[in-house]
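Worksheet: the structure to be examined is printed underneath.
The values are calculated or read from the model by the stated rules, or taken from the named source; none is laboratory data. Just so you know, these numbers come straight off a predicted model, no measurement behind them. As a convention, Cβ positions derive from the backbone with ideal geometry for all residues, glycine included, and neighbour counts pool all protein chains shown. The accessibility values were calculated without ligands, DNA or RNA, using every heavy atom of the protein model including side chains. Shrake-Rupley method; radii C 1.70, N 1.55, O 1.52, S 1.80 Å.
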Amino acid sequence: QKLKFDKEIIFKNVDFSYEDRKNYSLKSLNLKIKRGLSVAFVGKTGVGKSTIINLLIGLYFPHKGSIRVDGTLIEKSNIRLWQRNIGFVPQEIYISDDSILNNIALGIERSKIDLLRVKNIAKQVNLDHFIESELPLKYNTNIGERGTNISGGQKQRIGIARALYHNPELIIFDEATSSLDTITEKMISETIQKLSKNKTVIFIAHRISTVQHCEMIYVIENGQVVANGNYKDLLKKNNLFRNIALK
(Lines give C-alpha, C1' and ligand atoms only; values in the text may rest on other atoms or scores of the structure.)
Protein backbone atom coordinates (compact mmCIF):
# COMPACT_ATOMS: atom_id res chain seq x y z
CA GLN A 1 0.00 0.00 0.00
CA LYS A 2 0.92 3.63 -0.49
CA LEU A 3 -0.09 6.68 1.50
CA LYS A 4 -2.85 8.55 -0.30
CA PHE A 5 -1.55 11.46 -2.37
CA ASP A 6 -4.33 13.03 -4.42
CA LYS A 7 -4.12 16.74 -3.60
CA GLU A 8 -1.09 18.37 -1.99
CA ILE A 9 1.97 18.29 0.25
CA ILE A 10 2.15 21.08 2.84
CA PHE A 11 5.16 22.20 4.91
CA LYS A 12 3.87 24.33 7.79
CA ASN A 13 6.21 26.37 10.02
CA VAL A 14 8.97 23.77 9.65
CA ASP A 15 12.18 24.21 11.67
CA PHE A 16 15.13 21.87 11.25
CA SER A 17 18.77 21.81 12.26
CA TYR A 18 21.38 19.08 11.76
CA GLU A 19 22.97 17.83 14.98
CA ASP A 20 26.45 19.08 14.08
CA ARG A 21 25.28 22.63 13.28
CA LYS A 22 24.37 25.49 15.60
CA ASN A 23 22.10 27.37 13.22
CA TYR A 24 18.83 26.18 11.72
CA SER A 25 18.97 24.88 8.15
CA LEU A 26 15.26 25.58 7.83
CA LYS A 27 13.36 28.17 9.88
CA SER A 28 9.57 28.62 9.82
CA LEU A 29 9.44 27.16 6.32
CA ASN A 30 6.04 27.23 4.63
CA LEU A 31 5.31 25.86 1.17
CA LYS A 32 2.76 23.85 -0.79
CA ILE A 33 3.31 21.29 -3.56
CA LYS A 34 0.16 20.49 -5.50
CA ARG A 35 -0.20 17.08 -7.10
CA GLY A 36 0.52 17.05 -10.82
CA LEU A 37 2.71 20.15 -10.87
CA SER A 38 6.38 20.51 -11.75
CA VAL A 39 8.11 22.32 -8.88
CA ALA A 40 11.68 23.59 -8.43
CA PHE A 41 13.73 24.77 -5.47
CA VAL A 42 16.46 27.26 -6.36
CA GLY A 43 18.92 29.30 -4.34
CA LYS A 44 22.60 29.60 -3.54
CA THR A 45 24.60 26.71 -2.09
CA GLY A 46 23.80 25.91 1.54
CA VAL A 47 20.45 27.71 1.82
CA GLY A 48 18.43 24.56 2.62
CA LYS A 49 17.30 23.12 -0.73
CA SER A 50 18.63 19.62 -0.11
CA THR A 51 17.38 19.73 3.48
CA ILE A 52 13.84 20.25 2.19
CA ILE A 53 14.21 17.12 0.06
CA ASN A 54 15.71 15.16 2.99
CA LEU A 55 12.62 15.99 5.05
CA LEU A 56 10.25 15.33 2.17
CA ILE A 57 11.55 11.80 1.60
CA GLY A 58 11.72 11.04 5.32
CA LEU A 59 15.46 10.87 5.98
CA TYR A 60 14.81 13.35 8.81
CA PHE A 61 11.77 14.81 10.55
CA PRO A 62 11.07 18.46 11.48
CA HIS A 63 12.09 19.67 14.94
CA LYS A 64 9.07 21.95 14.86
CA GLY A 65 6.14 22.33 12.50
CA SER A 66 4.66 19.64 10.28
CA ILE A 67 4.67 18.02 6.85
CA ARG A 68 1.28 16.74 5.72
CA VAL A 69 0.17 14.86 2.61
CA ASP A 70 -3.55 15.28 1.89
CA GLY A 71 -3.91 16.28 5.54
CA THR A 72 -2.07 13.22 6.92
CA LEU A 73 0.89 14.04 9.16
CA ILE A 74 4.11 12.40 7.93
CA GLU A 75 5.78 10.67 10.89
CA LYS A 76 7.78 7.56 11.71
CA SER A 77 4.70 5.34 11.87
CA ASN A 78 3.70 5.96 8.23
CA ILE A 79 6.94 7.05 6.55
CA ARG A 80 7.35 3.76 4.65
CA LEU A 81 3.85 4.14 3.18
CA TRP A 82 4.74 7.66 2.04
CA GLN A 83 8.12 6.63 0.61
CA ARG A 84 6.42 4.12 -1.71
CA ASN A 85 5.09 7.15 -3.62
CA ILE A 86 8.56 8.50 -4.31
CA GLY A 87 11.09 7.98 -7.10
CA PHE A 88 14.49 9.61 -6.59
CA VAL A 89 17.10 10.51 -9.21
CA PRO A 90 20.40 11.76 -7.71
CA GLN A 91 23.27 13.54 -9.43
CA GLU A 92 25.48 10.44 -9.33
CA ILE A 93 23.68 7.32 -10.58
CA TYR A 94 24.83 4.04 -9.05
CA ILE A 95 25.54 1.48 -11.78
CA SER A 96 26.31 -2.13 -10.85
CA ASP A 97 28.52 -4.47 -12.87
CA ASP A 98 25.47 -6.19 -14.35
CA SER A 99 23.05 -6.13 -17.26
CA ILE A 100 21.15 -3.00 -18.22
CA LEU A 101 17.94 -4.90 -17.36
CA ASN A 102 19.08 -5.55 -13.79
CA ASN A 103 20.30 -1.98 -13.43
CA ILE A 104 16.91 -0.54 -14.38
CA ALA A 105 15.04 -2.97 -12.11
CA LEU A 106 17.72 -2.68 -9.42
CA GLY A 107 17.07 -4.85 -6.36
CA ILE A 108 14.36 -6.96 -8.01
CA GLU A 109 15.00 -10.70 -8.39
CA ARG A 110 15.64 -11.54 -12.04
CA SER A 111 12.70 -13.98 -12.18
CA LYS A 112 10.35 -11.25 -10.91
CA ILE A 113 11.37 -8.46 -13.29
CA ASP A 114 8.60 -7.32 -15.61
CA LEU A 115 10.47 -7.17 -18.94
CA LEU A 116 7.57 -5.56 -20.78
CA ARG A 117 7.45 -2.80 -18.16
CA VAL A 118 11.20 -2.26 -18.45
CA LYS A 119 10.89 -1.95 -22.24
CA ASN A 120 8.01 0.52 -21.98
CA ILE A 121 9.98 2.65 -19.51
CA ALA A 122 13.10 2.50 -21.70
CA LYS A 123 10.97 3.91 -24.51
CA GLN A 124 9.68 6.69 -22.24
CA VAL A 125 13.20 7.84 -21.41
CA ASN A 126 14.57 7.37 -24.95
CA LEU A 127 16.85 4.46 -24.08
CA ASP A 128 15.10 1.87 -26.24
CA HIS A 129 16.85 2.69 -29.53
CA PHE A 130 20.29 2.56 -27.90
CA ILE A 131 19.52 -0.77 -26.21
CA GLU A 132 17.91 -2.43 -29.24
CA SER A 133 20.34 -1.13 -31.88
CA GLU A 134 23.74 -0.72 -30.20
CA LEU A 135 24.01 -3.29 -27.40
CA PRO A 136 25.01 -6.80 -28.55
CA LEU A 137 22.78 -8.64 -26.06
CA LYS A 138 20.25 -5.82 -25.83
CA TYR A 139 18.70 -5.80 -22.33
CA ASN A 140 21.03 -8.57 -21.17
CA THR A 141 24.19 -6.64 -22.06
CA ASN A 142 26.57 -6.07 -19.14
CA ILE A 143 27.30 -2.33 -18.93
CA GLY A 144 30.36 -2.60 -16.68
CA GLU A 145 31.21 -1.48 -13.19
CA ARG A 146 30.06 2.13 -12.71
CA GLY A 147 28.74 2.05 -16.28
CA THR A 148 32.13 2.12 -17.98
CA ASN A 149 30.54 0.96 -21.25
CA ILE A 150 27.94 3.72 -21.49
CA SER A 151 27.88 7.53 -21.59
CA GLY A 152 26.95 9.96 -18.81
CA GLY A 153 23.64 10.74 -20.48
CA GLN A 154 22.78 7.05 -20.73
CA LYS A 155 23.57 6.61 -17.02
CA GLN A 156 21.15 9.42 -16.18
CA ARG A 157 18.45 7.81 -18.33
CA ILE A 158 18.98 4.52 -16.48
CA GLY A 159 18.56 6.46 -13.22
CA ILE A 160 15.29 7.95 -14.44
CA ALA A 161 14.07 4.57 -15.72
CA ARG A 162 14.94 3.00 -12.36
CA ALA A 163 12.89 5.66 -10.55
CA LEU A 164 9.94 5.03 -12.88
CA TYR A 165 9.96 1.24 -12.58
CA HIS A 166 7.86 1.27 -9.39
CA ASN A 167 5.42 3.81 -10.88
CA PRO A 168 5.89 6.56 -8.25
CA GLU A 169 3.44 9.44 -7.84
CA LEU A 170 6.29 11.85 -7.03
CA ILE A 171 9.69 12.00 -8.76
CA ILE A 172 12.55 14.04 -7.29
CA PHE A 173 15.53 15.14 -9.35
CA ASP A 174 18.38 16.28 -7.09
CA GLU A 175 20.90 18.09 -9.31
CA ALA A 176 20.33 15.20 -11.70
CA THR A 177 21.77 16.88 -14.80
CA SER A 178 24.43 19.19 -13.37
CA SER A 179 27.35 16.89 -14.25
CA LEU A 180 26.34 16.60 -17.92
CA ASP A 181 27.43 18.70 -20.87
CA THR A 182 24.95 21.31 -22.10
CA ILE A 183 23.67 19.34 -25.12
CA THR A 184 23.12 16.11 -23.14
CA GLU A 185 21.53 18.07 -20.30
CA LYS A 186 19.06 19.63 -22.73
CA MET A 187 18.11 16.19 -24.09
CA ILE A 188 17.60 14.76 -20.57
CA SER A 189 15.61 17.85 -19.55
CA GLU A 190 13.28 17.38 -22.53
CA THR A 191 12.73 13.77 -21.44
CA ILE A 192 11.93 14.92 -17.90
CA GLN A 193 9.48 17.54 -19.19
CA LYS A 194 7.52 14.85 -21.03
CA LEU A 195 7.35 12.74 -17.87
CA SER A 196 6.17 15.69 -15.75
CA LYS A 197 2.87 15.80 -17.64
CA ASN A 198 1.71 12.69 -15.76
CA LYS A 199 3.64 12.96 -12.46
CA THR A 200 4.38 15.39 -9.69
CA VAL A 201 8.00 16.34 -10.31
CA ILE A 202 10.39 18.21 -8.01
CA PHE A 203 13.76 19.63 -9.05
CA ILE A 204 16.75 20.90 -7.18
CA ALA A 205 18.69 22.57 -9.94
CA HIS A 206 22.22 23.89 -10.31
CA ARG A 207 21.46 25.42 -13.68
CA ILE A 208 18.33 27.58 -13.85
CA SER A 209 17.91 26.62 -17.52
CA THR A 210 16.75 23.17 -16.42
CA VAL A 211 13.76 24.54 -14.46
CA GLN A 212 12.47 27.23 -16.81
CA HIS A 213 9.51 25.03 -17.69
CA CYS A 214 8.43 24.46 -14.06
CA GLU A 215 4.97 25.63 -13.10
CA MET A 216 6.09 26.67 -9.60
CA ILE A 217 9.58 27.77 -8.52
CA TYR A 218 10.44 28.41 -4.87
CA VAL A 219 13.38 30.71 -4.17
CA ILE A 220 15.09 29.64 -0.93
CA GLU A 221 17.31 31.88 1.20
CA ASN A 222 18.48 31.27 4.78
CA GLY A 223 16.15 28.30 5.16
CA GLN A 224 13.00 30.17 4.14
CA VAL A 225 10.91 30.75 1.03
CA VAL A 226 11.53 34.35 -0.04
CA ALA A 227 9.67 34.23 -3.37
CA ASN A 228 7.68 31.89 -5.56
CA GLY A 229 6.11 31.88 -8.99
CA ASN A 230 6.92 30.84 -12.54
CA TYR A 231 10.17 31.64 -14.31
CA LYS A 232 9.01 34.79 -16.12
CA ASP A 233 7.32 36.26 -13.04
CA LEU A 234 10.35 35.69 -10.82
CA LEU A 235 12.70 37.26 -13.36
CA LYS A 236 10.58 40.42 -13.17
CA LYS A 237 9.94 40.66 -9.44
CA ASN A 238 12.82 38.99 -7.55
CA ASN A 239 16.40 40.29 -7.59
CA LEU A 240 17.87 37.15 -6.00
CA PHE A 241 16.32 34.89 -8.63
CA ARG A 242 17.38 37.27 -11.40
CA ASN A 243 20.98 37.23 -10.14
CA ILE A 244 21.01 33.43 -10.04
CA ALA A 245 19.31 33.03 -13.42
CA LEU A 246 21.49 35.53 -15.29
CA LYS A 247 24.85 34.27 -13.99
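Residues of segment 55-84 that are of a type in the set (D, E, K, R) and open to solvent by 60 Å² or more (accessible area, probe 1.4 Å): K64, R68, E75, K76, R80, R84. Residues that are within 30 Å of G43 (Cα to Cα), open to solvent by 50 Å² or more (accessible area, probe 1.4 Å) and not in a helix (DSSP H, G or I): does segment 108-128 have at least one? Scanning segment 108-128, I find no residue that is within 30 Å of G43 (Cα to Cα), open to solvent by 50 Å² or more (accessible area, probe 1.4 Å) and not in a helix (DSSP H, G or I), so the answer is no. Only one of (1) open to solvent by 10 Å² or more (accessible area, probe 1.4 Å); (2) under 29 Å from N198 (Cβ atoms) fails for G87. Which number is that? For G87, the failing item is (1).
Is it true that E132 is charged (D, E, K, R) and touching a helix residue (DSSP H, G or I) at 6+ places or on another chain (Cβ under 8 Å)? Judged against the criteria, E132 is a match.
In segment 68-94, the residue that is nearest to G147 (Cα to Cα) out of those that are in contact with a Lys or Arg (Cβ under 9 Å, 6 or more places away or on another chain) and of a type in the set (S, T, Y) is Y94. Checked against the criteria, I93 does not count as buried (at least 20 other Cβ atoms within 10 Å of the Cβ) and either over 21 Å from the mean Cα position of the chain (by Cα) or assigned to a helix (DSSP H, G or I) (or both). Return the residues of segment 1-51 that are among the polar types (S, T, N, Q) and free of Cβ contacts under 8 Å to residues at least 12 places away in the same chain; say none if nothing qualifies. N23, T45, listed by residue number.
Residue-by-condition table, conditions (1) charged (D, E, K, R); (2) under 23 Å from N167 (Cα atoms):
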| position | (1), (2) |
| --- | --- |
| D15 | yes, no |
| S28 | no, no |
| L31 | no, no |
| K49 | yes, no |
| I100 | no, yes |
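For segment 17-74, filtering for residues that are more than 26 Å from L240 (Cβ to Cβ), of a type in the set (D, E, K, R) and modelled with pLDDT under 95 leaves 3. If you go through segment 135-156 and pick out every residue that is open to solvent by 50 Å² or more (accessible area, probe 1.4 Å) and over 19 Å from V125 (Cα atoms), you end up with 6. Total residues in segment 206-247 satisfying the condition of being under 22 Å from S25 (Cβ atoms) and small (G, A, S): the figure is 2. How do the pairs read when you match residues in segment 150-161 that are in a helix (DSSP H, G or I) with residues anywhere that are among the acidic types (D, E), using Cβ under 8 Å and keeping only pairs 6 or more apart or on different chains? Sorted first by the residue in segment 150-161, then by its partner, the pairs are G152/D181. Those strands (runs of 3 or more DSSP E) of segment 1-54 in which 2 or more residues are open to solvent by 80 Å² or more (accessible area, probe 1.4 Å) occupy 26-34.
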